[in-house]
Structures are given as structure tokens and as C-alpha cells.
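Report on one structure; see the data block that follows.
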Amino acid sequence: MSDPVESRSPSSSVGDYLKAIWELAVDSGDAASTKGVAERLSVSAASVSNMFARLQEMGLVEHERYRGATLTERGRSEALRLVRRHRLIETFLLEHLGYDWQEVHGEAERLEHAVSDAFTDRLSAFLGNPDHDPHGDPIPSAEGVLAADDSFPLSQAVAGRRLRISKVRDEDAAMLDYFGDRNLVPGRLLTVREVRAIDGVVIVEDEEREIYALGEPLARSMFVRDESSVSDGEGAS
């Protein structure tokens with residue numbers, strides 16, 4: 001018989017913590033802090049500290065006081081199982097149930113703990129084994145392999161570069177509304193016209209010559225890849 005953590009999440013709360021730790025580590029490249037997890041899950045710092053201790057006892061994280069928590073191999077495997085479920089459910093909701101892309105994140109959060117690995121695998125096959133979700137995030141394989149991601153936040157862009165949107169953060173429905181209404185979605189090609197150091201605003205132009213001034217929170221929530229190599233010879237302004 002397989003290890004329980006490989007066939008079913010220990011509990012929805014444990015799974016939520018593992019996913020939050022994984023997401024924060026991806027964002028920062030470091031351990032997930034107590035404060036960061038508390039803010040992401042809207043719980044108290046004391047609750048996070050208690051859960052860190054519990055997760056360490058379960059062999060799912062390594063917790064170092066004043067630094068934070070990092071996932072063990074077992075913990076990372078469990079986190080990626082949940083990430084896979086979540087992103088496949090988002091894709092199904094958008095493509096087959098008529099949900100808008102700003103709605104699917106919250107619904108998937110509720111559903112991801114209610115389905116099995118067998119259901120997840122069948123869902124993936126039904127969808128044609130997609131490798132990205134509606135917001136552009138890569139979907140882990142059934143073996144827990146996640147494709148390399150070389151995208152970076154638009155806030156780090158340089159004026160004059162041509163960029164393609166690869167993904168957007170999905171936690172804020174209002175932000176997704178803004179992006180969706182303007183067709184600033186994965187796959188869209190943009191040219192950076194200005195990056196203002198004083199306030200972090202990034203001004204971009206799309207393929208229809210529409211201009212958008214994106215404030216720092218928006219620019220940090222949009223991830224892009226550099227496409228300038230195909231047009232450097234033409235010169236950019």
C-alpha cells in the first residue's frame with residue numbers, strides 16, 4: 001500500500017500550509033517566513049508557528065527559528081500534488097463550466113481537497129494533459145515534475161524591450177478583472193515604453209498600439225519573457 005501522504009492529503013489545513021510554503025519559496029527563493037505564511041493564509045503568526053512545529057514532526061518541513069520553513073522532499077511532493085490538482089481544476093472550470101478566469105482560483109481552492117489522485121489523472125487526460133493553467137502557471141506532471149520557468153515580473157523590465165506575457169498572479173480577482181478587460185493575458189506581446197523609477201509605473205504598448213500605464217502592484221503581478229531578440233535589428237524606442 002502506498003504512503004498515505006502520496007494518495008491523500010493529511011488534511012486540508014496541512015495541504016494549504018504546504019502549498020503556501022512552496023509558493024512563498026518560489027517567490028522569494030528562500031524559506032517561507034512565519035509572517036509571509038500568516039498573511040497568505042489570513043491566520044495568526046501563533047497559528048503558523050504551531051503548524052510549522054506540527055509539519056516538522058510529520059517530516060514535511062524543516063523549520064529554523066527566525067528564518068522560516070522549507071519543504072522536505074516529501075513535503076514538496078505533497079505540495080506539488082495539490083498544485084497540480086488546483087491548476088487542472090482551474091483549467092476545467094474555465095474551459096468547460098463557463099467560469100471567468102477571475103473566479104476559478106477560489107473555486108479550485110475549495111475543490112482541490114475533495115478529489116483523489118485518480119480523479120486528477122483522469123481530469124488531466126480529459127483536458128488533453130495541459131501544461132499550463134488559465135493564468136499561465138505551469139502544471140506539474142503526475143510525477144511531480146515542474147517545467148522550468150524563466151519569466152520575470154514586468155516590474156523588472158527595461159524600456160525598449162519587447163516582452164510576451166507568460167503568466168499573471170491569480171490571487172486577486174480585481175486585478176484579474178483589470179488584466180482580462182484589457183486583454184493583458186498570457187501570450188500577449190508588449191513593448192515597454194517607459195519604466196518610472198520614482199513610482200514603479202511601467203508603461204507598455206500592445207500590438208494594437210494601445211498604451212497602458214501599470215502601477216507597481218500590477219507590474220509585479222504580471223510575468224513576462226523577453227522577445228526582443230526577434231526585433232533588435234529594427235531598433236526599439
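Of the numbered conditions (1) more than 15 Å from the chain's Cα centre (by Cα); (2) more than 27 Å from residue 174 (Cβ to Cβ), residue 107 fails exactly one; give the number of that condition.
Failing condition for residue 107: (2).
Looking only at residues that are in contact (Cβ under 8 Å) with a residue 60 or more places away in the chain and part of a strand (DSSP E or B) in the range 153-202, which one is nearest to residue 106 (Cα to Cα)?
153
For residue 208, work out the one condition from (1) at pLDDT below 95; (2) touching a strand residue (DSSP E or B) at 6+ places or on another chain (Cβ under 8 Å) it doesn't fulfil.
Among (1) at pLDDT below 95; (2) touching a strand residue (DSSP E or B) at 6+ places or on another chain (Cβ under 8 Å), residue 208 violates only (2).
Can you confirm whether the range 144-151 contains a residue that is outside any loop (DSSP other than H, G, I, E, B), modelled with pLDDT under 95 and surrounded by 15 or more Cβ atoms within 10 Å (Cβ to Cβ)?
No, there is no match, as no residue in the range 144-151 is outside any loop (DSSP other than H, G, I, E, B), modelled with pLDDT under 95 and surrounded by 15 or more Cβ atoms within 10 Å (Cβ to Cβ).
Within the range 38-57, is there a residue that is under 25 Å from residue 138 (Cβ atoms) and of a type outside the set (A, V, I, L, M, F, W, C)?
Yes: the range 38-57 contains one or more residues that are under 25 Å from residue 138 (Cβ atoms) and of a type outside the set (A, V, I, L, M, F, W, C).
Can you name the residue in the range 125-137 that is of a type outside the set (A, V, I, L, M, F, W, C) and free of Cβ contacts under 8 Å to residues at least 40 places away in the same chain and, of all such residues, is surrounded by the fewest Cβ atoms within 10 Å (Cβ to Cβ)?
128
If the requirement is being in contact (Cβ under 8 Å) with a residue 40 or more places away in the chain, farther than 21 Å from residue 173 by Cβ, part of a strand (DSSP E or B) and of a type outside the set (S, T, N, Q), which of these qualifies: 25, 69?
Exactly one of 25, 69 is in contact (Cβ under 8 Å) with a residue 40 or more places away in the chain, farther than 21 Å from residue 173 by Cβ, part of a strand (DSSP E or B) and of a type outside the set (S, T, N, Q), namely 69.
Please work out which one of (1) part of a helix (DSSP H, G or I); (2) within 14 Å of residue 88 (Cβ to Cβ) is the condition residue 141 fails and give its number.
It fails just one condition, (1).
Write out, first by first residue and then by second, each pair whose Cβ atoms fall under 7 Å of each other, whose residues are 6+ apart or on separate chains, and whose first residue, in the range 83-112, is within 16 Å of residue 137 (Cα to Cα) while the second is aromatic (Phe, Trp, Tyr) and not in a helix (DSSP H, G or I).
93/99; 94/101
The values are calculated or read from the model by the stated rules, or taken from the named source; none is laboratory data. Keep in mind it's a predicted model, so treat the numbers as computed, not measured. Cβ atoms come from the backbone with ideal geometry, glycine included; neighbour counts cover every protein chain shown.
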